[in-house]
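The values are calculated or read from the model by the stated rules, or taken from the named source; none is laboratory data. This is a predicted model, so every value here is computed, not measured. Glycine gets a Cβ as well: all are built from the backbone with ideal geometry, and neighbour counts include every protein chain shown.
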Amino acid sequence: MNAILLPGAQAAQSFLAGGPKKLLIGGEWLPAKSGKTFATINPATEGTIGHAAEGGKEDVDAAVVAARRAFESSDWSGIDPHQRGLYLLKIADLVERHSEELAYLETLNNGTPISFTRGAVAEVARIFRYYAGWPTKLYGETNPSASNVFNFTLREPVGVCGQIIPWNGPLSMAAWKIAPALACGNTTVLKPAEQTPITAIRLGELILEAGLPPGVVNIVTGFGETAGAAIASHLGIDKVAFTGSTEVGKAILRASTGNLKRVTLELGGKSPNVIFADADIEKALNASVGAFCFLSGQVCVAGTRVFVQHGIYEKFAEELTKRAAQFPVGDPLEAQTMMGPLVSREQFDRVNSYFEVGRSDGAALRTGGKRWGEKGYFVEPTVFGDVKNGMRIAQEEIFGPVAAVIPFKDEDDAVLQANDTQYGLAAAVWTRDVSRAHRVGRALKAGTVWVNTYMHVDSISPFGGYKQSGIGRELGAHSIDAYTQMKSMYVDLST
């Protein structure tokens, strides 16, 4: 299909043609104080699709001032919870109205196939709708007390929230951060990843169209070393939420100590996908290929460690290899494409370096292991067999479509190997034995465990990791704790 004929293409191209994108600060679109911009690249073509303002520390300072002013203003803090919910519903409506445009922009900017970005945009609208119900449910408690004292609690917003999002799901991650913050009455300073600022900027336009007071949502595009670091250490920011690598997450945690700001981190993963001999093999195979090829493997929950029980190891590995070799790679704007490019030249080089790492460590390259096509940051879906769990390709987060197939003996061996990693974000178990599913699922040290399925995420259920996969939870009721604080009130009734 000619890309320009896709629904939303014309609106997206018109948005991109509007010149370099600016920073959203205090309800206005402003250039960076330095005057600098940076290029935004289409990873499928390696061509430039636009430019964005290169925000720095001074721009973050201005955004924090605007966010603080909005937080203290009665136009935001004084509105009733029903109105706050209506704002979120309005954003959801606007996202749906512009869904094709947003999906097209997301595909252009990070290379995710259009069939997936359409689903991601629909989920963004659902997330805003889910959190639209929360402003009227932020209950306090009445506590037992003496007859001359009235003791109760209030759940109040934290304040100004810095939010730093990754490039693998820019629009979804913006919704995960912005929606709960607003639902609880906070204001935000959002920094999109420098590789993928486009849809966050367009979302900012829709948020303004929804009528939110100036400064409630601010967006500063720029680089992690400057704008991101300024957010992490800023004394005027009360909370930071970050999704990205474990290494950067640790740096953000260190930077937060200046004012002991709250920090939630959703970090890396090396998820075990455990297939027992009694599993529905056909279903497990289909899901396993998708588990490491979805978003070109650039997803924190990617099932890149495929543990297969001895009795079916060779047959399963052979069929997994065949399906990976046939996985539909190509132009992400084509409907039939299931895997697009990696997001950047840097990521392309990183993933390619692991092909030699796997071979040098003694793993058997079964398929893939090289560039796909002549143009763009594409690599082939890659399967390594005969992998030992201690090898680098089984321990390090590659963030590419690279599976390490590892044999195991029994339940105890599967759990032991699956948990032998610094990460603990997600895991999966495939078996027809219900008791085994529960035993193994409980024993796996991961924030999310799927049984006979993979990659299901819902806004009503908390998401986060064990160990070095993060701190805190996003989505669901538990996310509200991160964006509120409890106040105890004691009223003397004797006077």
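Take the residues in region 353-385 that are touching a Ser or Thr at 6+ places or on another chain (Cβ under 9 Å) and either hydroxyl-bearing (Ser, Thr, Tyr) or not assigned by TED's automatic domain parsing to the domain that holds Thr304 (or both), then tell me which one is surrounded by the most Cβ atoms within 10 Å (Cβ to Cβ).
Only one residue fits best here, namely Thr382.
Is it the case that Val217 is under 21 Å from the mean Cα position of the chain (by Cα), surrounded by 22 or more Cβ atoms within 10 Å (Cβ to Cβ) and modelled with pLDDT of 95 or more?
Considered against the rule, which asks whether it is under 21 Å from the mean Cα position of the chain (by Cα), surrounded by 22 or more Cβ atoms within 10 Å (Cβ to Cβ) and modelled with pLDDT of 95 or more, Val217 comes out as yes.
Would region 45-54 turn up any residue that is more than 24 Å from Gly111 (Cα to Cα) and either at pLDDT below 95 or not hydrophobic (A, V, I, L, M, F, W, C) (or both)?
no
I'm trying to understand the selection: among the residues of region 362-384, which are touching a residue at least 24 places away in the same chain (Cβ under 8 Å) and over 23 Å from Met338 (Cα atoms)?
Gly362, Ala363
Quick one: which of Leu208, Leu171 is within 28 Å of Gly297 (Cα to Cα) and at pLDDT 95 or above?
From the options Leu208, Leu171, the qualifying one is Leu171.
Inside region 1-54, can you point out the residues that are acidic (Asp, Glu) and under 28 Å from Arg371 (Cβ atoms)?
Matches in region 1-54: Glu46 only.
In region 108-153, which residues are over 24 Å from Ile178 (Cα atoms) and within 30 Å of the chain's Cα centre (by Cα)?
Across region 108-153, the qualifying residues are Pro113, Ser115.
So which residues in region 205-240 are under 25 Å from His98 (Cα atoms) and in a loop (DSSP other than H, G, I, E, B)?
If the condition is that a residue be under 25 Å from His98 (Cα atoms) and in a loop (DSSP other than H, G, I, E, B), then Ala210, Gly211, Leu212, Pro213, Pro214, Gly215, Val216, Val220, Thr221 are the ones that fit.
For region 67-117, how many residues meet the condition of being buried (at least 20 other Cβ atoms within 10 Å of the Cβ), in contact with a Pro (Cβ under 7 Å, 6 or more places away or on another chain) and small (Gly, Ala, Ser)?
Residues in region 67-117 being buried (at least 20 other Cβ atoms within 10 Å of the Cβ), in contact with a Pro (Cβ under 7 Å, 6 or more places away or on another chain) and small (Gly, Ala, Ser): 3 in total.
Considering region 130-172 alone, what residues qualify as being exposed (fewer than 14 other Cβ atoms within 10 Å of the Cβ) and either outside the structural domain of Glu247 (by TED's automatic domain parsing) or assigned to a strand (DSSP E or B) (or both)?
Answer for region 130-172, where residues must be exposed (fewer than 14 other Cβ atoms within 10 Å of the Cβ) and either outside the structural domain of Glu247 (by TED's automatic domain parsing) or assigned to a strand (DSSP E or B) (or both): Thr142, Asn143, Val149.
Could you figure out which of (1) closer than 24 Å to Ala302 by Cα; (2) of a type in the set (A, V, I, L, M); (3) touching a residue at least 24 places away in the same chain (Cβ under 8 Å) isn't true of Ala251?
(3)
In region 12-47, how many are crowded, with 16+ Cβ neighbours inside 10 Å and closer than 15 Å to Ile114 by Cβ?
5
Looking at Val64, is it under 18 Å from Gly185 (Cβ atoms) and among the aliphatic types (A, V, I, L, M)?
Considered against the rule, which asks whether it is under 18 Å from Gly185 (Cβ atoms) and among the aliphatic types (A, V, I, L, M), Val64 comes out as yes.
So if I check each of Leu94, Leu88, Leu105, which one is closer than 28 Å to Val60 by Cβ and in contact with an Asp or Glu (Cβ under 8 Å, 6 or more places away or on another chain)?
Leu94 is the lone residue from the list that is closer than 28 Å to Val60 by Cβ and in contact with an Asp or Glu (Cβ under 8 Å, 6 or more places away or on another chain).
Out of all the residues in region 266-280, is one or more in contact with a helix residue (DSSP H, G or I) (Cβ under 6 Å, 6 or more places away or on another chain), under 22 Å from Phe223 (Cβ atoms) and surrounded by fewer than 18 Cβ atoms within 10 Å (Cβ to Cβ)?
Quick first cut of region 266-280, residues in contact with a helix residue (DSSP H, G or I) (Cβ under 6 Å, 6 or more places away or on another chain) only: 267-269, 272-275, 277.
Within this subset, residues satisfying the condition of being under 22 Å from Phe223 (Cβ atoms) are 267-268.
Still in the list and also surrounded by fewer than 18 Cβ atoms within 10 Å (Cβ to Cβ): none.
No - not one qualifying residue is present in region 266-280.
Please give the number of the condition Ile237 fails out of (1) crowded, with 24+ Cβ neighbours inside 10 Å; (2) within 19 Å of the chain's Cα centre (by Cα).
(2)
In the set Pro332, Pro328, which member is assigned by TED's automatic domain parsing to the domain that holds Ala284 and in contact (Cβ under 8 Å) with a residue 12 or more places away in the chain? Lay out the reasoning, then the answer.
Values: Pro328 fails: in contact (Cβ under 8 Å) with a residue 12 or more places away in the chain.
Sole residue among the options that is assigned by TED's automatic domain parsing to the domain that holds Ala284 and in contact (Cβ under 8 Å) with a residue 12 or more places away in the chain: Pro332.
Conditions tested, residue by residue: (1) outside any helix (DSSP H, G or I); (2) assigned by TED's automatic domain parsing to the domain that holds Gln13; (3) touching a residue at least 60 places away in the same chain (Cβ under 8 Å); (4) among the hydroxyl-bearing types (Ser, Thr, Tyr).
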site	(1), (2), (3), (4)
Glu194	yes, yes, yes, no
Ala200	no, yes, no, no
Leu203	no, yes, yes, no
Ala255	no, yes, no, no
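Name the single residue, out of those in region 309-335 being in contact with a Lys or Arg (Cβ under 9 Å, 6 or more places away or on another chain) and crowded, with 17+ Cβ neighbours inside 10 Å, that is nearest to Gly169 (Cα to Cα).
Looking at residues that are in contact with a Lys or Arg (Cβ under 9 Å, 6 or more places away or on another chain) and crowded, with 17+ Cβ neighbours inside 10 Å, I get Ala324.
Can you tell which of Leu208, Leu182, Leu190, Leu203 is of a type outside the set (Gly, Ala, Ser) and surrounded by fewer than 24 Cβ atoms within 10 Å (Cβ to Cβ)? Please lay out each step first, then the result.
Numbers: Leu182 fails: surrounded by fewer than 24 Cβ atoms within 10 Å (Cβ to Cβ); Leu190 fails: surrounded by fewer than 24 Cβ atoms within 10 Å (Cβ to Cβ); Leu203 fails: surrounded by fewer than 24 Cβ atoms within 10 Å (Cβ to Cβ).
Checking each option against the conditions leaves just Leu208.
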